[in-house]
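Asks: Supplied in structure tokens, the structure appears directly below.
Read the figures in this text as sums done on the coordinates, not as results from a lab. Just so it is clear, the structure is predicted and the values come from calculations on it, not from any experiment. Note that each Cβ is placed from the backbone with ideal geometry, even for glycine, and that neighbours are counted across all protein chains shown.
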Amino acid sequence: MGSYANHSCIPSTFKEVAIPEDIASRPGTPDSECCPSVASASASFSRALTPPSSPGKSRQEMPQLVLRAHHDLAEGDIINYSWIPEYLPTWKRQELLQARYGISCSCDRCVRNPEVVNAYHCPKCGKGPCSPTLPISAPGGDLKGHHLSCESCGALSVEDTALAECMEAERSAAGLEKQAQVLHQYHYSIVAANHDSLASLPPAERIHAVEILMEAHRRLFPGSGHPLMGWLCEQAAAAHAALGDHHQAVAGYRRAQELYALSHRGPPETGHDQRCYLQQMRLSAGPLGVVARRLSKPPGQLSRTPSLPTLEETEADKCADEGQVS
Ligand SMILES: [Zn+2]
Ligand SMILES: [Zn+2]
């Protein structure tokens, strides 16, 4: 491929297109474009990669292709991003990479990491998530010969009947409600369904779905500043506002602001921070539109600070992260 930033299923950065005119951007939406240019790989913070200027437009007016680091990068670290949706099992990712780009990937997630997005209820304790200890690369997601390890009870399931039940639920057309008796809420099918239906869910259900989606993504990419986190948090804040719970909504927008500060450090300005701040102002304004008290730091003053307790990296997360990111 003629790209300077290669594909990885455990990417060090994510790509977005920042549009200066309306300071809107599309967070983390990998598509078929490749990077037109790339700066030094020694960036220790997010860095904008701008396409060549076109006549008649100033650099500030041009949409900017931006790669932002998921975590601090050291001198010599490889800059890569995912060319395909990330929350998919290995066999599906390999199919997409082959069909769209004619490549196969041999990153750690493709060859040796547990297949965490294939998550099932544990055949032993009923809880889970219970996932294959190795990548599922056989076409169609065949689990034969694999071991399922439970994160709740630690049991290892190797029985053919248990594996067959998992595969049957995955391939069943019985509907998600029936499938969810076997598939865990972190399973890629359930995650995709929750994500796709988010906007149409009633506010209370949307809040619940957001919590599951955030937990699922943190489990896949522990400790990373993923752009989806801020966006999801914003969806939950809007749902709280729709329910009339302004206190929770303000707290949600403040948390989204913190998450964006983690994922979108440095220029160019994306508008995420400003938008969350304005929502807090709006929700906290009294009947005459007066803001009763100062809410949080205004845009531009947020630095990379530890986020709220639920988002702090645990020691286990840090170890897993170090083990996953090469
Ligand atoms: Zn890979
Ligand atoms: Zn278990």
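Asks: Per the Kirkwood formula on distinct C-alpha pairs, the Rh of the range 137-217 is how many angstrom?
Replies: Values: mean 1/r = 0.0706 Å⁻¹.
One decimal place: 14.2 Å for the Kirkwood radius.
Asks: Scaled to the compact-protein estimate 2.2 N^0.38 Å, what is the alpha-carbon radius of gyration of the range 90-184, rounded to two decimal places? Can you show the working numbers first?
Replies: Values: Rg = 13.7 Å, N = 95, 2.2 N^0.38 = 12.4 Å.
Rounded to two decimals, the normalised Rg is 1.10.
Asks: Can you list residues whose amide H is under 5 Å from ASN80's amide H, if they're 5+ apart or on another chain and H is modeled 1.01 Å from N?
Replies: Distant-sequence amide H within range of ASN80: SER12, THR13.
Asks: Turning to a different aspect of this structure: By count of other Cβ within 10 Å, fewest leading, how are THR270, THR133 ordered?
Replies: Ranked by crowding around the Cβ, least crowded first: THR133, THR270.
Asks: Here's another thing I want to ask about it. In the range 113-200, if the dipole is taken from +1 on Lys/Arg beta carbons and -1 on Asp/Glu beta carbons about the Cα centre, which of VAL117, ALA173, SER152 is farthest to the positive end?
Replies: SER152
Asks: ³J(HN,Hα) across the range 246-260 via Karplus (A = 6.51, B = -1.76, C = 1.60, θ = phi - 60°), whole Hz, x for Gly/Pro?
Replies: Result, ordered by residue: 5, 4, 5, 5, 4, 4, x, 5, 5, 5, 4, 4, 5, 5, 5 Hz.
Asks: Would you kindly derive the ³J(HN,Hα) couplings of the range 125-132 from the backbone phi angles with the Karplus curve 6.51 cos²θ - 1.76 cosθ + 1.60 (θ = phi - 60°), listing them in order in whole Hz, with x for Gly and Pro?
Replies: 9, x, 8, x, x, 10, 9, x
Asks: Could you list the residues of the range 202-242 with an amide nitrogen less than 18 Å from a label point located 7 Å from the Cα of HIS71 in the Cα-to-C-beta direction?
Replies: 215-230
Asks: Taking amide hydrogens as modeled 1.01 Å from N in the peptide plane, which residues meet the under 5 Å criterion relative to HIS187, leaving out close sequence neighbours?
Replies: ALA119
Asks: So what J values fall out for the range 66-80 if you push phi through Karplus, 6.51 cos²θ - 1.76 cosθ + 1.60 with θ = phi - 60°, rounded to Hz, Gly and Pro as x?
Replies: Running phi through 6.51 cos²θ - 1.76 cosθ + 1.60 with θ = phi - 60° gives 10, 10, 10, 6, 6, 7, 4, 9, 9, 3, x, 4, 7, 9, 9 Hz.
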